[in-house]
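Data block below; observations after.
The values are calculated or read from the model by the stated rules, or taken from the named source; none is laboratory data. Computed from a predicted model, the values in this text were never measured in an experiment. With ideal geometry, Cβ positions are generated from the backbone for all residues, glycine too; neighbour counts draw on all protein chains shown. With ligands, DNA and RNA removed, areas are computed over all heavy atoms of the protein, side chains included. Shrake-Rupley method; radii C 1.70, N 1.55, O 1.52, S 1.80 Å.
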Amino acid sequence: MSRRLKVGVYAVLLVCCVPFVFPTWWMATASLKPVNEIFAFPPSLLPRSVTLDAYRKVFELQPFGQQYLNSFYIAVLVTLGTLVISSLAGYGFARIKFRGSGVVFMIVLTGLLVPNEVTIIPLYRMFDGLGLVNTHWPLILIPVLGAPSVLATFIMRQFFITLPRELEEAGRMDGLGRFGLFWQVSLPLAKPAVGAVSIFTFLHSWNLYLEPIVFLSSKDKFTIPQALTQYVDAYGGAMWNVQLAAATLSALPVLIVFVLAQRHFVEGLAQTGLKG
């Protein structure tokens, strides 16, 4: 590719990035503006007078630090639990053949077709009977045992299928059993799929909204999406600068996770047939 063509391609890509980058840029810069400057016309890309008052109010109006910690530790536990279940299940469907395995796998995939809204009432009655309403257990167990794990299992299965069987045969010659083959041979090679599953799962858990508003009622147990809706004035109007500041803080973990795992994320999608 010639230098001129390369410059042209990068210029086109930069233009195409604007619709995706600008909302995030505006959110972050607007959180540093006074309220009257947010809606000023013409709008400014940079704040004329920088103020951190909105960030101070984020923590003063409600226990945002605790809510932030709630979302983080729930997302981490959900991600770890999903990785354990999906890697074992995906490996089993990819390498352990038994009668009806294809049918069982198709039945598992039907879990992706059931909307959360359909099962939320039965799940509420079940967790209420167990005394787990207004706790974080439903927010952990539902994603780990629900549709997100089904998608993760599919990704892991598709990756394990692509691994050469000769690698496992060599492991058998060294005396490894089935779990040893999984733990010492297949799983270390599945880093791209693990990275893709980690980002998908962490992002899903971090943005979870329906389940928190159904199962949680105490502010100190709220998660970030639920907490963002609480920044309103006495008349129910949105406190825009405070909401934007809270939204900016809520986006940081997702960006950090993606930056750290983006290479594995792209490789995982490319090798599991989900690209496109």
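Observations on the structure shown:
- Taken about its Cα centre, segment 65-226 carries a charge dipole of roughly 280 debye when the Cβ of each Lys and Arg holds +1 and the Cβ of each Asp and Glu holds -1.
- The chain - mean residue ellipticity at 222 nm from DSSP helices (-39,500 (n - 2.57) per run, n ≥ 4, rounded to 500): -22500 deg cm²/dmol
- Selection from P148, L77, L132 lying farthest towards where the dipole of segment 65-226 points positive, charges on Cβ: P148
- Helix axis angle, 64-95 relative to the chain longest principal axis, alpha carbon, degrees: 20 degrees
- Qualifying lysines (Cα of each under 19 Å from Cα of K33; at least 8 residues distant if same chain): K57
- Computed with every protein chain present, the accessible area of D174 is close to 130 Å² [probe 1.4 Å].
- Cα gyration tensor shape for segment 157-223, rounded if a/c is under 1.5, else prolate or oblate: prolate
- Rounded Å value of the spacing that divides the Cα centres of segment 1-71 and segment 183-252: 18 Å
- For the chain, the longest principal axis of the C-alpha atoms and the axis of helix 147-162 are separated by about 50°.
- Once you reduce segment 123-164 and segment 99-119 to the center of their Cα atoms, the two points are 13 Å from each other.
- Cα-centre dipole for segment 1-124 with unit charges at Cβ (Lys and Arg positive, Asp and Glu negative), debye to 20: 680 debye
- Sorted peptide list for 7-15, 191-199, criterion being average Cβ within 10 angstrom, highest first: 191-199, 7-15
- Relative contact order of the chain, defined on C-alpha pairs under 8 angstrom at six or more residues apart (%): 30 percent
- Oblate is the label for the chain. Its Cα gyration tensor axes, ordered a ≥ b ≥ c, give a/c of at least 1.5 and b/c at or above a/b.
- Only the Cβ atoms of Lys and Arg (+1) and of Asp and Glu (-1) were treated as charged; on that basis the dipole of the chain about its Cα centre amounts to roughly 780 debye.
- Ordering F64, G111, L52 by the projection of their Cα atoms onto the charge dipole of the chain, which places +1 on the Cβ of Lys and Arg and -1 on the Cβ of Asp and Glu, puts G111 at the extreme positive end.
- Partners of K97 within straight-line reach, counting lysines whose Cα lies under 24 Å from its Cα and excluding those fewer than 8 residues away in the same chain: K191.
- For segment 180-259, the set of chymotrypsin sites (Phe, Trp or Tyr not before Pro) satisfying both a DSSP loop assignment and a count of at most 10 other C-beta atoms within 10 Å is given as Y235.
- If you sort the three axes of the alpha carbon gyration tensor as a ≥ b ≥ c, you get a/c of 1.5 or more for segment 2-71 and a/b no higher than b/c, which makes it oblate.
- Expressed as a whole percent, the accessible surface of segment 65-226 that belongs to carbon and sulfur atoms is 68, based on a 1.4 Å probe.
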